[in-house]
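First the structure, in the form of structure tokens, and then the observations on it.
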Amino acid sequence: MKIDISIYRGYMNDKELTISGHVFKSWAPSQYSIEKRAIKHGLSILKMFTIKPMPNETVILHFQDQTVSTKTLDDGYFNFKIPFNKNLESGWHACTIQCDIGKFNIISNGEILKPHTGRYGIISDIDDTFLVSHSANFFKKLYVLLTQNIDNRKVFDDVPKHYQALSKAGQTNEDSYNSFFYVSSSEWNLYSFIVAIANKYHLPKAVLKLKKIKAGLGDFLFTGSGSHDHKFEKIKEIISFYPELDYVLLGDDSQRDPFLYERICKVFPKNIKTIYIRQTRKKPKEKVREVLQNIGSMGVDYLYFEDSSKAIAHSKEIGLMDV
């Protein structure tokens, strides 16, 4: 029997920490290669969606001087949310997650972010915001996912430059950076693939917030689809966790990002600094223009753009980037 654990990057404030993951009665999705070519790559992706999560298994978090246990939910998911007020330096801190099942004693390493002091938090969508994915076209989206390995997947031009600059916005210490969060309708199955893409293109290291894991080929056909309300809830969680920050939200017009971000502005009228929406077709969408104009009427800067070079120019204009 194979037993495996996936751990997702956690984060903390001055009172609490949170970190999550999954336990599997199979290899974790991260165990399948994303470097194979042609049909072998497609098979690896399919295997990421044929995992077997394990419910009601005990998992133990070891972090600093704390040891805390909980149990997995019905889909094998665990989430530690525990009080923590120890004074730690800013940056990423190592932890371990342990799971004992019969004769198996599985230990995996994780990381928890203590943000640097700063003014901004950056929340970005993934598909068609920085990663070329063709989300609006069901068949093209699946074709790209199944046929293009990590060597062939692309991000939009100038995205790394823009994101790295946003990471340093308002920071005066060379070693400090703003916290990044990637929030997507992609499922946890694709976590390791997204992390690898971000690493390849030198995007800021981020906490990821993804959608409920899928465990069958039937579910795979609908990857990234369905309701996007979970993105709204995840963004609310982040802003509520760090209410002292001003936020930059980045998304695109292929799905529901502009409308979700409008709702966020209404719930958090003092927290949103700027919204960037990428135009994914040749012409802008009138409904997106309208909702962005409404966002602007609430005192939030926004830009509906085709090329990231225009977003960079806008960030310089409003003081988010050095000229």
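The values are calculated or read from the model by the stated rules, or taken from the named source; none is laboratory data. These numbers were taken from a predicted model, which means no experiment stands behind them. Note: ideal-geometry Cβ built from the backbone for every residue, glycine included; neighbour counts use all protein chains shown. Heads up: the accessible areas ignore ligands, DNA and RNA and are worked out on the full protein's heavy atoms, side chains in. Shrake-Rupley method; radii C 1.70, N 1.55, O 1.52, S 1.80 Å.
Counting the residues of the stretch 69-88 that are open to solvent by 30 Å² or more (accessible area, probe 1.4 Å) and under 29 Å from ASN178 (Cα atoms) gives 7.
Residue count for the stretch 200-237, restricted to those that are modelled with pLDDT of 90 or more, farther than 12 Å from SER184 by Cα and open to solvent by 40 Å² or more (accessible area, probe 1.4 Å): 6. Here THR172 meets the list (1) open to solvent by 40 Å² or more (accessible area, probe 1.4 Å); (2) under 21 Å from PHE49 (Cα atoms); (3) of a type in the set (Val, Ile, Thr) almost entirely, failing just condition (2).
As a summary of the residue check, ALA28 satisfies the conditions (1) in contact with a Gly (Cβ under 6 Å, 6 or more places away or on another chain); (2) open to solvent by less than 10 Å² (accessible area, probe 1.4 Å) except for the one numbered (1). Within the stretch 58-83, residues that are within 17 Å of LEU17 (Cα to Cα) reach partners that are part of a loop (DSSP other than H, G, I, E, B) and of a type in the set (Val, Ile, Thr) with beta carbons closer than 6 Å, at six or more positions or on different chains, in the pairs PHE78/THR72. Restricting attention to the stretch 22-66 and to residues that are among the polar types (S, T, N, Q) and in a strand (DSSP E or B), the residue that is farthest from ASN79 (Cα to Cα) turns out to be GLN66.
Test GLU35 against the stated conditions and say whether it is farther than 20 Å from LEU190 by Cβ and either open to solvent by 10 Å² or more (accessible area, probe 1.4 Å) or of a type in the set (Gly, Ala, Ser) (or both).
no
Considering only residues that are outside any strand (DSSP E or B) and exposed (fewer than 14 other Cβ atoms within 10 Å of the Cβ), look in the stretch 89-118 and name the one that is nearest to the chain's Cα centre (by Cα). Here the answer is THR117.
Checked against (1) at pLDDT 95 or above; (2) touching an Asp or Glu at 6+ places or on another chain (Cβ under 8 Å), GLU290 passes all but condition (2). Pairs are defined by a Cβ separation below 8 Å, a sequence spacing of at least 6 or placement on different chains, a first member in the stretch 273-298 that is under 25 Å from ARG119 (Cα atoms) and without any contact (Cβ under 8 Å) to a residue 12 or more places away in the chain, and a second member that is assigned to a strand (DSSP E or B) and open to solvent by less than 90 Å² (accessible area, probe 1.4 Å); the pairs so defined are GLY296/TYR302.
Residues of the stretch 255-300 that are under 18 Å from SER185 (Cβ atoms), open to solvent by 20 Å² or more (accessible area, probe 1.4 Å) and not β-branched (Val, Ile, Thr): GLN255, ARG256, PHE259, GLU262, ARG263. The number of residues in the stretch 227-266 being of a type in the set (Ser, Thr, Tyr) and closer than 19 Å to ILE277 by Cβ comes to 3.
Is it the case that LYS273 is touching an Asp or Glu at 6+ places or on another chain (Cβ under 6 Å) and farther than 29 Å from ASN137 by Cβ? In short, yes.
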